[in-house]
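Novice: Just passing along the structure, written as structure tokens.
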């Protein structure tokens, strides 16, 4: 069936759409124009930048793995329910996406800080540690994984699982051998988005884990710190984060922009 071309957009709306696109483009152009391209390699391989980049990669990958470990069962449970309880849990999972990041950091401090209601009885020392960075990043990143995978599970064809059940497969085997392969694209997309969100996390991290050089100062925190002392380094590190974000969007183009990827 031949696809019909959409109706042309009114000229006034097209102009406003162009202005909206420029609103997103101009800050990136400003960043590119002010970037110290000749010193980029030196700035990015400096000891402070190198430590921040390595710490960011380690903590964000750990946060993505923790999101998979905790989020996959949660997404599977949410996808199979429509009760008031599942609705309440879905709201709870979504809340970190709309909370101000600083508020998320304060909440983590009150729960897992040295005098927190959960950490103190257990003798945990999470704030201002690398583990605290992972915890803060997971708190803000896991909702993206859960919602992405839940959507994939809800859209999966249930007939394959029903057929496996009629053949005597156990629920665990159905989930492992039938359901998971069906939602592999959603799993991949959820992990990428969660990792990118964890890599760019700032507010909850600085509130809960601080900004200790070499210990908890991730790449976004290094950008903020360098703005006061070395603006050129801040621009260079910002470019790294922009390029990583753009790469993630490019990798997810088939999930988010199916018409574009089909046309290409």
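Novice: Counting only residues that are within 23 Å of residue 148 (Cα to Cα) and part of a loop (DSSP other than H, G, I, E, B), how many does segment 159-187 have?
Specialist: 1
Novice: Quick test for you: out of 171, 185, pick the one residue that is over 15 Å from residue 63 (Cβ atoms), in contact with a helix residue (DSSP H, G or I) (Cβ under 7 Å, 6 or more places away or on another chain) and loosely packed, with under 15 Cβ neighbours inside 10 Å.
Specialist: Criteria check complete, one pass: 185.
Novice: Looking for whichever is loosely packed, with under 14 Cβ neighbours inside 10 Å, within 17 Å of the chain's Cα centre (by Cα) and either more than 18 Å from residue 140 (Cα to Cα) or without any contact (Cβ under 8 Å) to a residue 60 or more places away in the chain (or both) here; the options are 69, 85. Which one fits?
Specialist: That would be 69, the only listed residue that is loosely packed, with under 14 Cβ neighbours inside 10 Å, within 17 Å of the chain's Cα centre (by Cα) and either more than 18 Å from residue 140 (Cα to Cα) or without any contact (Cβ under 8 Å) to a residue 60 or more places away in the chain (or both).
Novice: Assess whether residue 218 counts as being out of contact with any helix residue (DSSP H, G or I) (no Cβ under 7 Å at 6 or more places or on another chain) and at pLDDT 90 or above.
Specialist: So residue 218 does not fit the description; no.
Novice: Go through (1) within 16 Å of residue 151 (Cα to Cα); (2) part of a helix (DSSP H, G or I) one by one and return the number of the condition residue 82 breaks.
Specialist: If we test residue 82 against (1) within 16 Å of residue 151 (Cα to Cα); (2) part of a helix (DSSP H, G or I), just (2) comes out false.
Novice: Is at least one residue of segment 15-28 in contact (Cβ under 8 Å) with a residue 40 or more places away in the chain, surrounded by 11 or more Cβ atoms within 10 Å (Cβ to Cβ) and within 30 Å of residue 237 (Cα to Cα)?
Specialist: Within segment 15-28 (the criterion being in contact (Cβ under 8 Å) with a residue 40 or more places away in the chain, surrounded by 11 or more Cβ atoms within 10 Å (Cβ to Cβ) and within 30 Å of residue 237 (Cα to Cα)), the answer is yes, since at least one residue qualifies.
Novice: Pull up segment 45-56, narrow it to residues that are assigned to a helix (DSSP H, G or I) and free of Cβ contacts under 8 Å to residues at least 12 places away in the same chain, then point me to the one that is surrounded by the fewest Cβ atoms within 10 Å (Cβ to Cβ).
Specialist: 47
The values are calculated or read from the model by the stated rules, or taken from the named source; none is laboratory data. No experiment lies behind these values; they were computed from the predicted model shown. For neighbour counting, all protein chains shown are included, and Cβ atoms are generated from backbone atoms with ideal geometry for every residue, glycine included.
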